[in-house]
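Sharing a structure with you now.
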Amino acid sequence: MEKPRENSIAVLIPCYNEQATIQKVIDDFRSQLPQAVIYVFDNNSTDDSHKLAEAAGAIVIKEKRQGKGFVVAAMLRKVKADYYIMVDADDTYPAEYCHAMLQPLFEEQADMVVGQRLSEYDRHAFRFLHLFGNKAICRLINSIFHSDLRDPLSGYRAFTREVALQLPVVASGFDVETELTLQMLYRQFVIREISVPYRARPSESPSKLNTFRDGFRVLMKIFLILRSYKPLTFFGGLGIICELISLAIILFLVPLRQEPTGNIPILLFTLSSSLFMIGILLAAMGVFLNSLNFRLLEDMNTITKQIQDNSWDK
């Protein structure tokens, strides 16, 4: 494969009140990728982030809808390039690893490369609950999608134009990294992880993450994508749970039927019967929606290919 054309690499930097670090991040990536175009998407910063970014030579685009998810959606919609590097503006990711992340894309060995942070990180880089939550969510994603990822929440990513054209980002906040990962897995894109050091944020640049609020959003995002994109797993799983509860109630009622009175609690029997029927309906719904989902995915891939062909012709 040919090396990427001049100016076909875009560095995408979402930014909200990062005046302490934004200039250094831009300078670091410009020194590593002098041929790249650097874009800073300013998300209503109240400090001098956008002025410093412009002074450093970046193209600054403002996104008025508040939230990182809106910023990422705007990036994918507004910036055209052959290859993209997406990195946070807080100077926690080393720019020099961008070459190792781009190489698998150049060689067509991956569609997205993620900077995996958990092998080497500053002891102050993660709060305990963030680290615990990251690992728990990673296990959940791997079990659902049968993947082998280590850091699905990383904000340091490289990906191709094909990926940018196909990913519908609907997240509004910090759950956007989770959505990107799940959309990639659902569409069976190839994800590779490259181990990168993860630095602590400078003291003058406090984290915008809220442990419980954003953790809940991430879990809800997994729940919603599982419901929408893997309905057989979601509804079938709920159906199995209903059937198991129904069976447990029946096993509880059988000894009561053998007692001298022979009476069984009618409410428990009704509950067991209802759960049994609900379980069957949920499983049937999962099968139907899974078949419908498969057809929609085929149509979506056809439409995306047409859009991609037209985009390359321009």
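The values are calculated or read from the model by the stated rules, or taken from the named source; none is laboratory data. As the structure is a computational prediction, the values presented were derived from the model and not from experiment. When we count neighbours, we look across all protein chains shown, and the Cβ atoms used for this are built from the backbone with ideal geometry, even at glycine.
Looking at (1) without any contact (Cβ under 8 Å) to a residue 24 or more places away in the chain; (2) outside any strand (DSSP E or B), which is the only condition Ile61 fails?
All conditions pass for Ile61, except number (2).
What pairs can you find where one residue is in the stretch 68-82 and over 16 Å from Arg217 (Cα atoms), the other is basic (Lys, Arg), and their Cβ atoms are less than 7 Å apart, with a gap of 6+ or different chains?
Pairs found: Ala81/Arg161; Asp82/Arg5; Asp82/Arg161.
Determine whether Arg77 is exposed (fewer than 15 other Cβ atoms within 10 Å of the Cβ), part of a helix (DSSP H, G or I) and charged (D, E, K, R).
Considered against the rule, which asks whether it is exposed (fewer than 15 other Cβ atoms within 10 Å of the Cβ), part of a helix (DSSP H, G or I) and charged (D, E, K, R), Arg77 comes out as yes.
Look at Ile59 and say whether it is crowded, with 17+ Cβ neighbours inside 10 Å and at pLDDT 95 or above.
On the way: crowded, with 17+ Cβ neighbours inside 10 Å: no; at pLDDT 95 or above: yes.
So Ile59 fails the test.
Same structure again: Identify the residue in the stretch 142-162 that is farther than 16 Å from Leu118 by Cα and either touching a residue at least 24 places away in the same chain (Cβ under 8 Å) or among the aliphatic types (A, V, I, L, M) (or both) and, among all such residues, is surrounded by the most Cβ atoms within 10 Å (Cβ to Cβ).
Ala158
Against the condition in contact (Cβ under 8 Å) with a residue 12 or more places away in the chain, of a type in the set (Ser, Thr, Tyr), surrounded by fewer than 22 Cβ atoms within 10 Å (Cβ to Cβ) and under 26 Å from Glu179 (Cβ atoms), how does Ser8 come out, does it pass?
Answer is yes for this residue.
All but one of (1) part of a loop (DSSP other than H, G, I, E, B); (2) farther than 16 Å from Val196 by Cβ hold for Val71; state the number of the condition that does not hold.
Result: Val71 fails condition (1) only.
When the stretch 38-52 is examined, which residues are found to be out of contact with any Asp or Glu (no Cβ under 7 Å at 6 or more places or on another chain), farther than 20 Å from Arg77 by Cα and surrounded by 22 or more Cβ atoms within 10 Å (Cβ to Cβ)?
The one that is out of contact with any Asp or Glu (no Cβ under 7 Å at 6 or more places or on another chain), farther than 20 Å from Arg77 by Cα and surrounded by 22 or more Cβ atoms within 10 Å (Cβ to Cβ): Leu52.
Continuing with this model, one more query. For the stretch 274-286, indicate whether the set of residues that are modelled with pLDDT of 85 or more, part of a strand (DSSP E or B) and crowded, with 18+ Cβ neighbours inside 10 Å is non-empty.
Checked the stretch 274-286: no residue is modelled with pLDDT of 85 or more, part of a strand (DSSP E or B) and crowded, with 18+ Cβ neighbours inside 10 Å.
Which members of the stretch 121-151 meet the condition of being in contact with a helix residue (DSSP H, G or I) (Cβ under 8 Å, 6 or more places away or on another chain) and at pLDDT below 90? First the steps, then the outcome.
Quick first cut of the stretch 121-151, residues in contact with a helix residue (DSSP H, G or I) (Cβ under 8 Å, 6 or more places away or on another chain) only: 126-127, 129-130, 133, 137, 140-141, 144-145, 147-151.
Correct list: Phe126, Arg127, Leu129, His130, Gly133, Ile137, Leu140, Ile141, Ile144, Phe145.
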